[in-house]
Every structure is written in structure tokens, then in C-alpha cells.
């Protein structure tokens, strides 16, 4: 038994250590900070032969990571929430540089209001950037996911940066048993960093990341980055085979649970999916043939595989821990796109919940399952449900009463005069 | 970066006569910033990586055309010094791991306009100095957001007409003292330069080549397009900026500021202002005595302080 | 629909020309689009602007592929492929060139089916970078050729567009515009409005399936040094610096250092040499040469002299 208890943040740091990485530009933000603290500790003690530099912002941090990758070293960085957004100009920019590195994002709800707790709106903002996205549900998956992300991002047919996403608090600060890969096996699996033809050195002319004139050349570079991200779909399968053969753990593009005979399906990303697993077990015990799908790989989106999994099912509940204002759940939209027009498409129902760390209770999963049953009987999906209970509203009203106390008094006074 | 043994610049005759920076760039005819850059490049040589921020010089390289013979990386308006950090760190890591020979090492040079240096990129620059990053920074200061049509920036001088200060008195603010701000970080080297004084420029480049750490250059960059004068006057305008005392040439090294060219008989500032359309309102339709006198008084006060020290 | 393209150099006022013509059409009751095309262009570099005008709503957008009228403010641009002056011209197109030379000479030179008219160039201009009033002249000539804009409307449009300038400058623009308008009035209506493309009979786009290419090939990088020399910025030049070697004292470090573009190199004999393929004609060297051995002459004159020497 080589497993030990590690937080999600620690598992992410271990992933970077085992790759191993050469360079870590860093910037603190809750709930990510422990990752860079762990790495800094190892660097200081000489346990990790890497250079860690604290930049003055995430914008600079991402610039430095990509610039270093463009200069021939393996870079790692991590952020969260507002930090990812502060660096967003560079997230979109550096994917076009075609230099691979890994960024761990510890998901946290976006302001406003400010919260430290988890949801997925931060990572969804990077959806269209050209970064690969691997979403984790356990601490084990985080350590392994970082290694897989390097291998995938650095593949000569991919060559774009990757984000490994984990949920704040639910994974970042939560210890779970993690079986750490053997260091030499991990290094052999990831391989040496190959800068290909992008490396600055004396007597080598190389200009990178410049402007183009006109939509023709612009489209070429944008299309090629898109095609490279798409390419990662098939490369992922090769990488994962090798990972499974080496380490005995298999991480399919989509994690499928109890799907063989499922009439009904939950679909969601990230660590809350393990709650859905429990719900599936209870529902099955109660006679409901339901299953669970959790895309690990979100960019590129395994759309064909989703169609394959969902064709012929009765109804699907997409549970989004994000909200696109004025539209709804982002994963729901993506599912609708993937399934549009196929035969035997299931009914698709949209649930939004788990925002800012709000729990999704087992009872809520059960109720969603009941709604799917009803939807199938009635032949129509229910309207979008924003998960919120009467009790939560009662508590909210108490807060509002305090917040608006004087306002109410003033209004009253005005009314009298 | 191992330091090269420098060439010695004593006379104008010592200036490089072969030019490394490729011709054919889309910089305006008469660009004072390009004039500084080509001299810098001639002296530093090809073993360099230029890390570029958004500004006029974004367009130095437009696929598939680059004037550089060594390295160049475009980043963003705010983060060129962070790009330099990544490149420098990567080079050091590769040197340390013996994956790069000392021969293959290169000097990392940031180039930004005043828009980035005085504004959006200031925290990235400050932090690069905090970290004692071994790099050279060239700010080509044309005193406004030139690439978008010369809107005023924090580098715009008092009274200049820009496309966002077109009123009868021009820009109401005052040019920020970037030299002092940079020097307050105590980096290895800070200097003001101008291409119209090539020998002073070359000597300063030579000096910074012998140093390590942050080596910062602010080059006033006369801009025919943004300052509204005939391109052939570019060097003349630059020279007058020095001779009138408007642009003091100085350097900061080891905690001391030294003026490298003290105009013996300072010409009146109006000799400089008069050549430029952006100050025409000080002379036409009527002469604005008070406006000119205010600019003169500020320059006089600066030099009085310097000469008394 | 009228589709009109103005070609000139950065600084010659082609945006103004397109706006004057746009305003004139608008005042004459037309739906209008006018726009300049910006790129990385600088003063002296070729640029263009365009105007569309129609009696009904204009849905077409972007650059004009098949112009009805092409107005060229600076004839040195015509033979320059990068300027794209003749792009999309055919027998339907009318081309108006501001030139000293005749329409016959241009027809022969361009070997085009388009009809060519000349807007007689004003004799007194040496440096074409500052062709005075050319924007108003071009707009006025174009207005006359379209045949649907009156003199009064043209003048009103000039007043609209130049309102920020002083009264005497506006007045001078109006005078010059009227002269150009009158010069062209016997050709009034010569511009034929083009139709729209037929959906029944068209040449299909040759779409390809975008091939995937590894980053080694498709990365955004240039693996070669100083490729910018392939860009002939010498085409921007309207005035040419010429070294008089009899007077040159060989202090090459002066001109060679001050040239912003690094276009002055030192020959084996120690004398400077200007790279005319790239010299943008800023004339800093002329201003800085200690023995005044560099003079500036109009680029057009220099080219005529060169072609004279060759024949």
C-alpha cells in the first residue's frame, strides 16, 4: 500500500513534481495557494530541481509560463477564479503560441458577489481559449491528470497548453488517499520536454507570436489551433492506454457509471459527480435505472462519444455548476449541440446548482431523477431549474432584513413626511 | 548572461556602419524610436531576444516578415517584462542543466512604448526590477499612444495637442518622471537617451552591457506623425530637446544620478516647441507668452536644481 | 449601386475624399457607405478608401471587389502591385488618374479594358506626400463623373466634412473642387452603376477541407532572419535623397547612423550608399549631411531620369 493522504492541492503539486517541471511562475490566490507553497518548499529543500518565481499578477504569471515554454523548458503554473480572469488576455493569447505547459485551476465562484467557494464559471470563461481542459473528480485523478495533461499537451500533434481543473475546498483542501506514481516511471511516461523548433538561442533566428495582416492568414492560424485541440481527442486515447498500462489506472475521456442499461442519466463535471454516484446507487436500489456520465476531457469535447452514450436513453439531467447569464447552463448548451438531430435523442433537462460552494443534496438528485421519469412519461423536458430551497430563501430573507433595515426606516420616514 | 567585452565609443566615427536590423519595417518615415532601436541592435548584436509589448513596434514583425536576425517574442501591452522573465529564467535553467552552452546564451531585451512603460506595463516593470531580472528595457517614448493615433498618455508633455487633447491649451497634465520612478527601484542602470545624440546613446549601451540586472533605457522618440513635423526634422527636433534642456540626458548607476550632457548655453524651449505642430497653438494665432513661459520656467527650475547640486 | 474606390498614400486625404463623396451622395438622397481601409499603413504608404451609394438600402459590406470607378490620387501607385489599384477592374470600370501623362499612355501601360480619364495633375507639386487639396479634387471629379450630384451639393458636402478647418482653407478647397467638377462635367454620368452577382450562374468558391498541420509547421513563428527586407518600403517614398559623390566627404557614420531605417550602408570605397528599395524618403540624411552633399528630388523625376538613362 503506497497510497497516502493528500489534499487536492498537494496532489496537483505532486503531479508537477513528478512530471517533473523546470519552471514555476506563481501567484497566490485562495484556494490555490497551497500548490505553490508545496512546490516552493520542495524547491527550497532541493527536492525539486526547478525554479519558482513569484510574479506580480496572473497576467504576468501566464506570460512568463508561456514565454519559458517558448524558450525550451517545461513550465507549470496554477491559479483560481479572479486570477484566471485577470490572466485571461494571456490565456487566449498564449494558446496561439503553440507552446505546451500545464496550468492547474482550482475552481472558485467569480465575483460578484465575492466568494471563496467553488463553482465552474471561472474555468468556463477559458472554454474557447484553445487550452485543453481536463476536469478532475478525486485527488488521485489530479496527480495523474497533471501527468496526462503534460503528455497530451506536449504531443507533437497537439502542442497547446492545458488546464487541469479541480474544485476549490471539495478537492483543494480535502485529503483523500492518493497512490503517487513512481517518480522514474512518471518521468519516463511524460518524457523529456521537446521545444521542437521553438527555442531562443544564439545564432538561431526565431521571431514568435507576431501580428498577421488580413483574415486569410489569421484564419489559418486559428483553424490550425482548433484542429490541434481536436486532434487531442484521438491522442488522448493513446496516452490513456499507456497510462493504464504503466500505472494501472484508466481515465476514459468520459467517466461512465452504471450506464450499460441506464434509461436515465445524470451528466456533470468535477467532484460533485461523486455525490451523483452515491445517488445513482440509492436510486438503483429503489428500482430506478439511472446512470452517470462525467466528461473528464471537456476541451476538446468528446461529442461523438457523448452521442454514443446517450442515444436511446429516455431522459438526461445536465447539472451545471455554472451559469451563463441570460442563457443558462453551459454544459447543457454543449450537450444540446452535441445531441441535436440524432435519432433516439433523449429528453434533455437543465439544472443549475452548486454555485459558490452550495451543496447539491442527495434528495435533490433523487428529485431530479423523479422529474426525469415524469418528463419521459409526459414526453417533454421540464423548464430549467435553478436549485434553491425554501429554507435557503428563508435564511436569505433574514440577511436581507439586516441589510435593508435602515433603507426600510428611511422609506418609512419619507412616507410619513 | 555572460557579459561581452564592449567596443569603445569615443567619437561619432566609432558608430557601427553596418546595420543588423532588417529594413522594410512598417514604422513611419523618420521614426525616432526606430533610430534608437537600430543603434541598440547594432551594438547588442544578434544574440538577443526582444520581448515586445503592444505599441507602434508591435508591427515590427508582421508574419512572415521580421527585421530581427536573432530572437523576438510578442507578448501583450501589460506583460512584456514578465515575458522577459520567462525567457531569461528558461535560458538560465537550460544553462544550469547544460542544455544550452554559454555560446548559445542570449541577452533579453524588452521594448515597449511609453503607453506600456508609463501606464499598463508599469507594475510588471516594477516587479521585474524588484526581482532583479537580468534584462535590458528600452522604452521608446513618443509621448502618447502613437499606434492608435497619438492620444495622450502619462508621458505626454504639458500643453501638447494630441487626438484626445485637442482643446486650445492642449494636454493639461505634466509628463510623468519615469526616470525617477525607475531609479527609485535601485536597478543596475537607468538612463535617458535619444537617437539624435548617437554617441551618448552608444556609450550608455556600452555601459549597460558591462552590467547585470535590470538595465533601463528611456529614449525620447521624436515622432513626425504624432508630433506633427516634417520627418526630415526628426534628428533636429531630438537635438533641440537636449539643447533646450527639455530632455536631460542622464544616467543612474550605483545610487547616483549623473547628467551626461549638460547644455552649456541652453536654447530657449520655444526653439524646440516651435518646430512641432502639437505646440503650434502656443505661437498661433497669437503668441501665448504665459504658456511658453510656464514650460520654460519648469525647465529652468530643473536645471537650476541640477546645477546647484 | 455606385461602387467607388479612392487610392492614394497615407497623408494624402483619401479618407476625406471618400467622406466628401459619401456626404454628397447622402445629401443627394442616396443610401451611403464610406470607409477608409486601415492596416499597418504609415504616411506615404499606399492606402485606399471606398464609397458605395444606392437608391435602396445597401447590404453589401467590406472592400469593393468590382469597382465602377477607381480614382487614383497619386499615379506613382498605379504600377505598384501592393497598392492594388487595378484590382477587380474590367471593361465596366472607369479609372480616373491624377497624372501629367495622357490617358493613351496609361491605357497602353496598363493594358486594361477599363476606360481611363486623366485629372490633369497640378504642375507645382514636388513632394506628393503633401499633394494639396487632392482629397477635395478627387471627390469633386468623382462626383461629376457619377452625374447625380450637383455642384451645390458637392460644396455643401465639402463644408460638412472640412468644418473643423479654417474658413480660408475650406474656401480654397471649394474653389479647387469646383474647378475639378467643371473639368469633368462634360463626362458627367460616365460611371455606370454595377449590378449584383447572379445566384443562378456563379463561380463557386474553391473551398478546401482544412488540412491539419503539426505545430512544427503551423506555429506562429518565423524561422529566418531579417525577412522584412522583402518588404519594399521604398515604394512609400515621394521624395528621393540623392548623394552627390563629388561633394560627399565620406563621413558615413553621420548619415548611416541617423537614417532611422538603417538604409544607408558604407560601400567598399568608404562612401555611403542609399538602399532605395527600402528608403522611405524621410530625408533625415538630407537635413543632417554636414557638407550638404545629399539633395532631395521628386521620386517621379528620379524615376523618369532612370528610365531615360536605361533607354
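The values are calculated or read from the model by the stated rules, or taken from the named source; none is laboratory data. The structure presented is a predicted model; accordingly, all values stated were derived computationally and were not measured. Methodologically, a virtual Cβ is constructed for each residue, glycine included, from the backbone with ideal geometry; neighbour enumeration extends over all protein chains shown.
Checking the structure you have, find out if any residue of the stretch A:125-137 is in contact (Cβ under 8 Å) with a residue 12 or more places away in the chain, closer than 20 Å to residue A:96 by Cβ, surrounded by fewer than 24 Cβ atoms within 10 Å (Cβ to Cβ) and within 14 Å of chain C (Cβ to nearest Cβ).
Yes, the conditions are met somewhere in the stretch A:125-137.
Determine whether residue A:170 is part of a loop (DSSP other than H, G, I, E, B), at pLDDT 95 or above, under 23 Å from residue A:8 (Cβ atoms) and under 21 Å from the mean Cα position of the chain (by Cα).
Judged against the criteria, residue A:170 is a match.
Tell me which of these residue C:155 doesn't satisfy, since it passes every other one: (1) more than 18 Å from residue C:94 (Cβ to Cβ); (2) crowded, with 17+ Cβ neighbours inside 10 Å; (3) modelled with pLDDT under 95.
(3)
Step by step: first the residues of the stretch C:31-55, then only those that are in a strand (DSSP E or B) and within 21 Å of residue B:58 (Cβ to Cβ), then the one that is modelled with the lowest pLDDT. Which residue is that?
C:43
Which ranges mark the helices (runs of 4 or more DSSP H) fully within the stretch B:170-271 that have 1 or more residues being over 13 Å from the mean Cα position of the chain (by Cα) and closer than 30 Å to residue B:290 by Cα?
B:178-183, B:224-227, B:234-243
Do we find that residue C:71 is touching a residue at least 24 places away in the same chain (Cβ under 8 Å), under 15 Å from the mean Cα position of the chain (by Cα) and surrounded by 15 or more Cβ atoms within 10 Å (Cβ to Cβ) in this structure?
yes
Check off (1) farther than 21 Å from residue B:217 by Cα; (2) in contact (Cβ under 8 Å) with a residue 12 or more places away in the chain; (3) surrounded by 23 or more Cβ atoms within 10 Å (Cβ to Cβ) for residue B:105 and give me the number that stays unchecked.
(3)
Quick one: would you say residue A:52 is within 11 Å of chain B (Cβ to nearest Cβ), assigned to a strand (DSSP E or B) and touching a strand residue (DSSP E or B) at 6+ places or on another chain (Cβ under 6 Å)?
Answer is yes for this residue.
Which residues, counting only those in the stretch A:281-323, are over 27 Å from residue A:341 (Cβ atoms), free of Cβ contacts under 8 Å to residues at least 40 places away in the same chain and in a helix (DSSP H, G or I)?
Within the stretch A:281-323, A:281, A:284, A:285 meet the criteria.
Go through the residues of the stretch A:101-119 one by one and say whether even a single one is in contact with a strand residue (DSSP E or B) (Cβ under 7 Å, 6 or more places away or on another chain), surrounded by 24 or more Cβ atoms within 10 Å (Cβ to Cβ), in contact (Cβ under 8 Å) with a residue 40 or more places away in the chain and within 14 Å of chain B (Cβ to nearest Cβ).
The answer is yes, given that some residue of the stretch A:101-119 is in contact with a strand residue (DSSP E or B) (Cβ under 7 Å, 6 or more places away or on another chain), surrounded by 24 or more Cβ atoms within 10 Å (Cβ to Cβ), in contact (Cβ under 8 Å) with a residue 40 or more places away in the chain and within 14 Å of chain B (Cβ to nearest Cβ).
Within the stretch B:111-128, can you find the residues that are touching a helix residue (DSSP H, G or I) at 6+ places or on another chain (Cβ under 9 Å) and more than 11 Å from chain A (Cβ to nearest Cβ)?
Hits for the stretch B:111-128 are B:111, B:112, B:113, B:114, B:115, B:116, B:117, B:118.
In the stretch B:129-152, what residues are assigned to a loop (DSSP other than H, G, I, E, B), surrounded by 20 or more Cβ atoms within 10 Å (Cβ to Cβ) and away from chain A (no Cβ under 14 Å)?
Scanning the stretch B:129-152 gives B:142, B:143, B:144, B:150, B:152.
Among the residues of the stretch A:90-97, is there at least one that is closer than 19 Å to residue A:139 by Cα and surrounded by fewer than 24 Cβ atoms within 10 Å (Cβ to Cβ)?
No; the residues of the stretch A:90-97 include none that is closer than 19 Å to residue A:139 by Cα and surrounded by fewer than 24 Cβ atoms within 10 Å (Cβ to Cβ).
Would you pick out the residues in the stretch B:62-88 that are surrounded by fewer than 24 Cβ atoms within 10 Å (Cβ to Cβ) and either more than 7 Å from every other protein chain (Cβ to nearest Cβ) or part of a helix (DSSP H, G or I) (or both)?
Passing the criteria: only B:77.
Here is a yes/no grid of residues against (1) within 11 Å of chain B (Cβ to nearest Cβ); (2) in a loop (DSSP other than H, G, I, E, B):
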| residue | (1), (2) |
| --- | --- |
| C:247 | no, yes |
| C:254 | yes, no |
| C:265 | yes, no |
| C:269 | no, yes |
| C:277 | yes, yes |
| C:286 | yes, no |
| C:295 | no, no |
| C:300 | no, no |
| C:307 | no, no |
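Name the residues in the stretch C:191-222 that are within 14 Å of chain B (Cβ to nearest Cβ) and either exposed (fewer than 15 other Cβ atoms within 10 Å of the Cβ) or in contact with a helix residue (DSSP H, G or I) (Cβ under 6 Å, 6 or more places away or on another chain) (or both), would you?
Scanning the stretch C:191-222 gives C:217, C:218, C:220.
For the stretch C:79-96, what are the residues that are in contact (Cβ under 8 Å) with a residue 60 or more places away in the chain, surrounded by fewer than 21 Cβ atoms within 10 Å (Cβ to Cβ) and touching a helix residue (DSSP H, G or I) at 6+ places or on another chain (Cβ under 8 Å)?
Correct list: C:80, C:82.
Kindly provide the set of residues from the stretch B:24-59 that are under 28 Å from residue A:94 (Cα atoms), touching a helix residue (DSSP H, G or I) at 6+ places or on another chain (Cβ under 6 Å) and not in a helix (DSSP H, G or I), ordered by number.
B:24, B:25, B:26, B:27, B:49, B:51, B:53, B:55, listed by residue number.
Which one of the conditions (1) within 19 Å of the chain's Cα centre (by Cα); (2) more than 10 Å from chain A (Cβ to nearest Cβ); (3) on the phi < 0 side of the Ramachandran plot does residue B:17 fail to meet, given that it meets all the rest?
Residue B:17 satisfies all of (1) within 19 Å of the chain's Cα centre (by Cα); (2) more than 10 Å from chain A (Cβ to nearest Cβ); (3) on the phi < 0 side of the Ramachandran plot except (1).
Of these, B:59, B:91, B:40, which one is in contact (Cβ under 8 Å) with a residue 60 or more places away in the chain, facing another protein chain (nearest Cβ under 7 Å) and farther than 18 Å from residue A:70 by Cα?
B:59
Inspect all residues belonging to the stretch A:215-223 and state whether any of them is within 10 Å of another protein chain (Cβ to nearest Cβ), surrounded by 23 or more Cβ atoms within 10 Å (Cβ to Cβ) and farther than 30 Å from residue A:108 by Cβ.
no
Being in the same structural domain as residue A:309 (by TED's automatic domain parsing) and crowded, with 17+ Cβ neighbours inside 10 Å narrows it down to one residue among A:341, A:353; which is it?
Just a single option satisfies the conditions, and that option is A:353.
Would you check which residues across the stretch B:229-254 are on the phi > 0 side of the Ramachandran plot and modelled with pLDDT of 95 or more and list them?
Hit for the stretch B:229-254 is B:245, nothing else.
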